Amino acid sequence: MLHLNKGFLQDIHDQIEAGRDRELLAKLEDLHAADIAEVLDNLKVEDASYLYRLLENDVKADVLIDLDEEMRADLMSGMTAGEIAEEVLENLDSDDAADVMSELSESKAEEVIRLLDDDEQASDIRDLLNYEEGTAGALMAKELVKVQADFTVTRAIREIRRQADELDQVYTVYVVDPENRLTGRLSLKHLLLGAESTRTTIQELQEVEDIITIEANEPSEKATKLMERYDLVALPVLDINGCLVGRITIDDAVDVIIEDAERDYQLASGISEDVESRDSVWTLTRARLPWLLIGLAGGMGGAYVIGAFDIEKNLEMALFIPLIAAMGGNVGVQSAAIVVQGLASSNIGTSDILSRLYKELGVGVINGLICGLLILGSSLVLGFGLSLSLTVSIALICVIIFAALFGTFVPLMLNRYKIDPALATGPFITTVNDIIGLMIYFAVGTVIVGFL
């Protein structure tokens, strides 16, 4: 694995300045495409562009796919349509080629496709670009191996050899009827070892049970869940008529899973855009500021709640404000995180709202009683007095119960209205629980301590 440092990058820059192309290529020849992409991502655009043009075409294609989106856009902006067609697309699978095309302007993308020598590849890319982003069709590749059910083993092997030239990996051989409708699947092992003779037909060998498929217009998230649940390395994609149109492979599914996890983590952390540490100061600020402003508004709300009560008559209550706020926020985030995880793994549905709330009510009551009794005993031992100790204890129980219910309810409702429930695990839950928790605390104090 490549370990970048300033010395390595400076050496690259110096060799580019000196035009020592052979030495540059010698540095890169043993590196994986993903490692070369990491090197380019950490260079200035001018240096990255120079280094990229030294690479062989097949390496260029692999490197381009692994590049950061901004660097990829910068490099492609300096390439002509002919260069993109000849040096990049002709060395990529259809799904990766379509991803590259989607980042170009419509006019340039059309020009690139027109310049492709392979008419079938051009047709495949156009087909993939027609699928809406976030669907199984947009994620799939058109390259696959398929044979007809009435083929003999001899004919099937000949057909597989022809089609396999376009693939790096042959995970499964798909069996179709003359109308291209998927009827079964076949492993290479069973094809080679299961046939009694070379005249045995594929129909006699194919597996027709437990074939997991997905329609092209269904969400890509569903595809990744199917592959995860059933341990699939390839998932066939069908059109509305049941015809085989492509396949989703495990490497593409993993990319989607990682992207979704990174997006959810950023949402939960109060970051509204997809950003990386190398992004500009303005980009990072723009992504983080909205939720900071929400937190600021929540803090002002909390200050207003505190100011609405005459806390000067019982200053000791101020000592427990951080405790109440922290416990409410923590419990709310815990409950929301569990629900979001359940929604992501399809273990929880939107019809489970009442049952989830009932369960969280039980959890909240138990946790609240344990924490409430602990704080009651601790505050009495520390000499805070019975009235204040009861106030803090009872308020803490109520805050924990409310936070558990609220943290469960919000992500379930967001999911019902097609809003990413990961939003609920971030500053929103914490801010609301802070304000409501303080209101509960002072309301209980009004009754027990008797101020105001």
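The values are calculated or read from the model by the stated rules, or taken from the named source; none is laboratory data. The shown structure was predicted, so the numbers you read here are calculated from the model rather than taken from an experiment. So basically every Cβ, Gly included, is an ideal-geometry build from the backbone, and we count neighbours across all protein chains shown.
What to note about this one:
- Among the candidates Leu357, Leu412, Leu369, the residue that is surrounded by fewer than 20 Cβ atoms within 10 Å (Cβ to Cβ), in contact (Cβ under 8 Å) with a residue 24 or more places away in the chain and more than 30 Å from Asn314 (Cα to Cα) is uniquely Leu357.
- When residues of the stretch 200-212 are limited to those that are touching a Leu at 6+ places or on another chain (Cβ under 8 Å) and surrounded by 15 or more Cβ atoms within 10 Å (Cβ to Cβ), the one nearest to Ile248 (Cα to Cα): Ile211
- Some residue of the stretch 276-284 being closer than 30 Å to Gly445 by Cα, out of contact with any Cys (no Cβ under 8 Å at 6 or more places or on another chain) and either at pLDDT below 70 or not in a helix (DSSP H, G or I) (or both): no
- The residue list Leu75, Leu104 contains one member that is assigned by TED's automatic domain parsing to the domain that holds Asp14 and either in contact with a His (Cβ under 8 Å, 6 or more places away or on another chain) or not in a helix (DSSP H, G or I) (or both), which is Leu104.
- Hey, Val333 β-branched (Val, Ile, Thr), modelled with pLDDT of 80 or more, surrounded by 15 or more Cβ atoms within 10 Å (Cβ to Cβ) and over 26 Å from Leu374 (Cα atoms) or not: no
- Unmet requirement for Ile84, which otherwise passes all of (1) touching a helix residue (DSSP H, G or I) at 6+ places or on another chain (Cβ under 7 Å); (2) under 28 Å from Leu235 (Cα atoms): (2)
- Members of the stretch 186-243 that are among the acidic types (Asp, Glu) and touching a residue at least 24 places away in the same chain (Cβ under 8 Å): Glu215, Glu218, Glu221, Glu228, Asp239
- Any hit, the stretch 217-234, residues being more than 25 Å from Asp420 (Cβ to Cβ), small (Gly, Ala, Ser), surrounded by fewer than 18 Cβ atoms within 10 Å (Cβ to Cβ) and not assigned by TED's automatic domain parsing to the domain that holds Leu129: no
- Qualifying residue in the stretch 150-161 (condition: touching a His at 6+ places or on another chain (Cβ under 7 Å), surrounded by 19 or more Cβ atoms within 10 Å (Cβ to Cβ) and either among the basic types (Lys, Arg) or not assigned by TED's automatic domain parsing to the domain that holds Lys418 (or both)): no
- Filtered by the rule that a residue be under 15 Å from Ala34 (Cα atoms) and among the aliphatic types (A, V, I, L, M), the stretch 55-79 gives Leu55, Val59, Ala61, Val63, Leu64, Ile65, Leu67, Met71.
- Flag for Val153 being of a type in the set (A, V, I, L, M, F, W, C), within 21 Å of Thr213 (Cα to Cα) and in contact with a strand residue (DSSP E or B) (Cβ under 9 Å, 6 or more places away or on another chain): no
- Glu87 being assigned to a helix (DSSP H, G or I) and in contact (Cβ under 8 Å) with a residue 24 or more places away in the chain: yes
- Every residue from the stretch 306-317 that is surrounded by fewer than 17 Cβ atoms within 10 Å (Cβ to Cβ), under 21 Å from Gly329 (Cβ atoms) and in contact (Cβ under 8 Å) with a residue 40 or more places away in the chain: Ile306, Ala308
- Condition met for Ser351 (surrounded by fewer than 14 Cβ atoms within 10 Å (Cβ to Cβ), assigned by TED's automatic domain parsing to the domain that holds Leu323, at pLDDT below 85 and under 17 Å from Ala404 (Cβ atoms)): no
- Pairs with Cβ under 7 Å, 6+ apart, first in the stretch 1-27 and acidic (Asp, Glu), second in a helix (DSSP H, G or I): Glu23/Gln15
- The one condition in (1) surrounded by fewer than 16 Cβ atoms within 10 Å (Cβ to Cβ); (2) among the small types (Gly, Ala, Ser); (3) part of a helix (DSSP H, G or I) that Ser197 fails to fulfil: (3)
- Scanning the stretch 1-33 for residues that are under 30 Å from the mean Cα position of the chain (by Cα) and either outside any helix (DSSP H, G or I) or surrounded by fewer than 15 Cβ atoms within 10 Å (Cβ to Cβ) (or both) turns up Met1, Leu2, His3, Leu4, Asn5, Leu31, His32.
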